[in-house]
Amino acid sequence: QHKIVIIGAGIAGLSACIRLRSQGHKVEVYEANDYPGGKLTAFEEKGYRFDMGPSLFTMPQFVEDIFKTAKKPIAHYFQYKKKSVVCNYFYEDGTTFSARADQQQFAKEASKTFNVAEETVLKYLEHSKTKYDLTASLFLEKSLHKVSTYLSKDTLNAMFKVNSLDINTTLADYNAKVFKDERLQQFYNRFATYNGSSPYQTPGIMSMIPHLEQYFGTYIPKGGMHQISMSLFQLAKDIGVKFHFNSKVEKILVEKKRAVGIVVKGKDISADVVVTNSDVVPTYRHLLKEHKAPEKVLQQPRSSSALIFYWGITKQFPELDLHNIFFSKDYKTEFDYIFNKKDVHHDPTVYINITSKDEPNDAPEGCENWFTMINVPSNTGQDWGTIITEARKNIIAKVSRLLKEDISQLIQCEAILDPRTIESRTQSYQGALYGASSNNKYAAFLRHPNFKQSIKNLYFCGGSVHPGGGIPLCLLSGKIVSELIEKAI
Ligand code: FAD
């Protein structure tokens with residue numbers, strides 16, 4: 001039995017601590033906040049419950065896998081249901097489109113709305129699946145930086161078929177080649193935002209993302225997204241992981257090129273293995289100050305961030321569902337603002353998440369809890385006060401126009417999250433949602449590995465390292481770390 005300390009109780013830290021405890025180690029988690037979950041948390045206001053961060057739940061098998069590893073029945077902790085409507089879309093020209101989970105039904109509806117052959121849509125999805133199947137075991141499920149990864153059969157297979165992965169074209173160009181209708185292109189371009197990238201820069205391989213939504217499906221946990229982190233936290237405690245809250249780690253102790261512990265509130269805490277779930281940039285800048293940082297990796301441009309208005313709305317809208325998108329008219333300009341001008345366009349795409357559609361207790365009777373979000377650049381010192389005032393005005397005008405109702409009159413309460421507060425609450429560099437962006441084809445290789453060659457017994461998990469951001473990948477990073485540690489000690 002080894003003593004392992006984990007820095008941070010984000011979703012990746014929770015995944016890692018449960019797996020390492022299940023391997024029989026003594027595991028202690030040190031968390032700066034007074035709650036677990038990091039970005040995956042929630043709050044209540046005036047009878048409304050809001051999930052604060054993630055709202056889209058895909059690939060529940062990765063959560064299930066953690067309960068299996070811990071040999072505990074998931075149903076005691078966590079339940080979820082599949083959505084039959086994935087997302088409702090509203091376009092400025094008045095088009096509305098309800099994306100169904102069932103592929104055949106989806107293709108049928110898409111064919112009617114966007115004047116495209118059903119087979120074209122089904123073929124796109126099939127290609128999306130091929131890309132996922134070819135690369136998942138290489139890019140996502142293993143450490144990308146161990147030689148054995150490169151030598152596996154799956155890797156070689158993927159490399160040989162690299163042409164069919166559309167790495168040398170952008171997602172937007174790839175979609176424009178497949179679909180004539182610009183609205184359908186916009187629909188598929190949006191998947192770049194699932195890892196905080198631009199469809200006009202991210203490679204065509206990202207057309208595998210729709211596969212996650214349209215093959216594995218989208219789900220809603222009973223009790224909301226917050227139940228993902230809360231159920232894992234409960235499981236971790238039940239199997240004997242020890243948590244220390246309000247315990248910001250100040251330093252990682254290294255002796256003779258080995259991690260030997262951490263410093264918390266000026267006190268040395270020794271350990272055989274240290275796992276950091278903190279963003280990789282503050283890990284190097286604050287916790288490993290005396291060590292050489294991998295500058296090329298740390299200086300990768302960040303993914304987008306988010307500006308969110310949590311609104312208690314005193315009306316119910318039957319045309320809305322759990323996930324709703326109000327598209328901008330000019331998607332290209334919107335992304336040019338986010339990634340090149342580092343600013344927010346006056347006509348942003350607005351995403352509204354309403355958990356009270358599935359969880360009626362999340363809002364008072366006759367009301368809805370609107371999580372209203374736009375993509376914004378990461379924080380590089382913009383005048384957020386002015387951006388927020390302008391965005392609020394533009395969002396209200398846009399949604400009111402498309403829903404034909406003045407929503408400003410319906411806002412009973414409001415809270416706001418912006419890149420600065422995302423950064424200060426979770427230490428995520430520049431408040432980016434997904435670590436570095438995937439705006440170039442080498443991004444996967446430029447993410448920090450899950451270990452450090454020059455410091456033994458130090459491991460990295462979380463959205464800013466391999467395999468990337470988002471709940472499924474963060475859960476996988478915890479798994480990869482636990483497997484690397486099992487092999488190493
Ligand atoms: P984080 O959640 O960033 O947590 C890191 C933890 O480490 C924090 O609790 C922090 O306090 C702690 N910590 C850091 N440094 C220290 C230190 N020195 N000492 C002690 N503790 C420390 N993903 C999806 O899958 N679907 C979505 O719909 C989605 N939407 C999102 C919307 C928003 C608004 C946001 C913010 C994120 C969204 N994401 C989504 C991304 C997802 O939330 C993240 O990728 C994921 O939660 C990151 O988890 P993590 O384990 O890397 O760490």
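Determine whether Asn195 is within 16 Å of the ligand (Cβ to nearest atom), under 30 Å from Asp336 (Cβ atoms), of a type outside the set (Asp, Glu) and modelled with pLDDT under 95.
Numbers: within 16 Å of the ligand (Cβ to nearest atom): yes; under 30 Å from Asp336 (Cβ atoms): yes; of a type outside the set (Asp, Glu): yes; modelled with pLDDT under 95: yes.
Here the answer is yes, as Asn195 does meet what is asked.
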(message) Regarding segment 363-383, can at least one residue be identified that is acidic (Asp, Glu), in contact with a Phe, Trp or Tyr (Cβ under 7 Å, 6 or more places away or on another chain) and more than 30 Å from Lys81 (Cα to Cα)?
(response) no
(request) With the checklist (1) within 9 Å of the ligand (Cβ to nearest atom); (2) under 27 Å from Cys367 (Cα atoms); (3) of a type in the set (A, V, I, L, M, F, W, C) in hand, flag the one item Ala42 doesn't pass. (result) (1)
(request) Residue by residue through segment 459-482, note down the ones that are among the β-branched types (Val, Ile, Thr) and under 12 Å from the mean Cα position of the chain (by Cα). (result) Ile471
(request) Output the helices (runs of 4 or more DSSP H) that fall wholly within segment 39-155 and possess 1 or more residues being at pLDDT 95 or above, or say none. (result) 61-69, 103-114, 118-135
(message) If I ask for residues that are more than 24 Å from Val5 (Cα to Cα) and not in a loop (DSSP other than H, G, I, E, B), which ones from segment 284-301 would you list?
(response) Glu295, Lys296, Val297
(request) With the checklist (1) more than 16 Å from the ligand (Cβ to nearest atom); (2) assigned to a loop (DSSP other than H, G, I, E, B) in hand, flag the one item Gly312 doesn't pass. (result) (2)
(request) Scan segment 199-238 for residues that are hydrophobic (A, V, I, L, M, F, W, C) and part of a helix (DSSP H, G or I) and jot them down. (result) Ile205, Met206, Met208, Ile209, Leu212, Phe216, Ile228, Met230, Leu232, Phe233, Leu235, Ala236
(message) I need the full set of residues from segment 365-383 which are out of contact with any helix residue (DSSP H, G or I) (no Cβ under 7 Å at 6 or more places or on another chain), within 17 Å of Gln409 (Cα to Cα), in contact (Cβ under 8 Å) with a residue 60 or more places away in the chain and of a type outside the set (Phe, Trp, Tyr), in order please.
(response) Cys367
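So, Ile416, is that one under 18 Å from the mean Cα position of the chain (by Cα), of a type in the set (A, V, I, L, M) and within 16 Å of the ligand (Cβ to nearest atom) or not?
So Ile416 fails the test.
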(message) Condition first: away from the ligand (no atom under 14 Å from the Cβ), in contact (Cβ under 8 Å) with a residue 40 or more places away in the chain and farther than 20 Å from Asp34 by Cβ. Now tell me which residues in segment 237-258 satisfy that.
(response) Asp238, Ile239, Gly240, Val254, Lys257, Arg258
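Matching residues to (1) surrounded by 21 or more Cβ atoms within 10 Å (Cβ to Cβ); (2) touching a Gly at 6+ places or on another chain (Cβ under 8 Å):
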site	(1), (2)
Lys222	no, no
His226	yes, yes
Ser231	yes, no
His244	no, no
Lys248	no, no
Lys256	no, no
Lys265	no, no
(request) Working carefully through the options Ser424, Ser437, find the one that is without any contact (Cβ under 8 Å) to a residue 12 or more places away in the chain, among the small types (Gly, Ala, Ser), under 28 Å from Gly37 (Cα atoms) and within 15 Å of the ligand (Cβ to nearest atom). (result) Ser424
(message) Out of everything in segment 364-398 that is among the hydrophobic types (A, V, I, L, M, F, W, C) and more than 25 Å from the chain's Cα centre (by Cα), what residue ends up being farthest from Ser198 (Cα to Cα)?
(response) Cys367
(message) Taking the conditions exactly as written (buried (at least 18 other Cβ atoms within 10 Å of the Cβ), touching a residue at least 60 places away in the same chain (Cβ under 8 Å) and in a loop (DSSP other than H, G, I, E, B)), does Asn33 satisfy them or not?
(response) yes
(message) So, in segment 440-453, how many residues would count as being away from the ligand (no atom under 13 Å from the Cβ) and touching a residue at least 60 places away in the same chain (Cβ under 8 Å)?
(response) 8
(request) Looking only at segment 318-335, count how many residues are away from the ligand (no atom under 16 Å from the Cβ), touching a residue at least 40 places away in the same chain (Cβ under 8 Å) and either surrounded by fewer than 18 Cβ atoms within 10 Å (Cβ to Cβ) or among the aliphatic types (A, V, I, L, M) (or both). (result) 4
(message) With the condition being closer than 30 Å to Ser247 by Cα and modelled with pLDDT of 95 or more, I'd like the helices (runs of 4 or more DSSP H) fully within segment 330-434 carrying at least 2 qualifying residues.
(response) 419-426
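The values are calculated or read from the model by the stated rules, or taken from the named source; none is laboratory data. Only a predicted model underlies this, so the values are computations on that prediction, with no experimental measurement involved. Cβ sites come from the backbone with ideal geometry, for glycine too, and all protein chains shown count toward neighbours.
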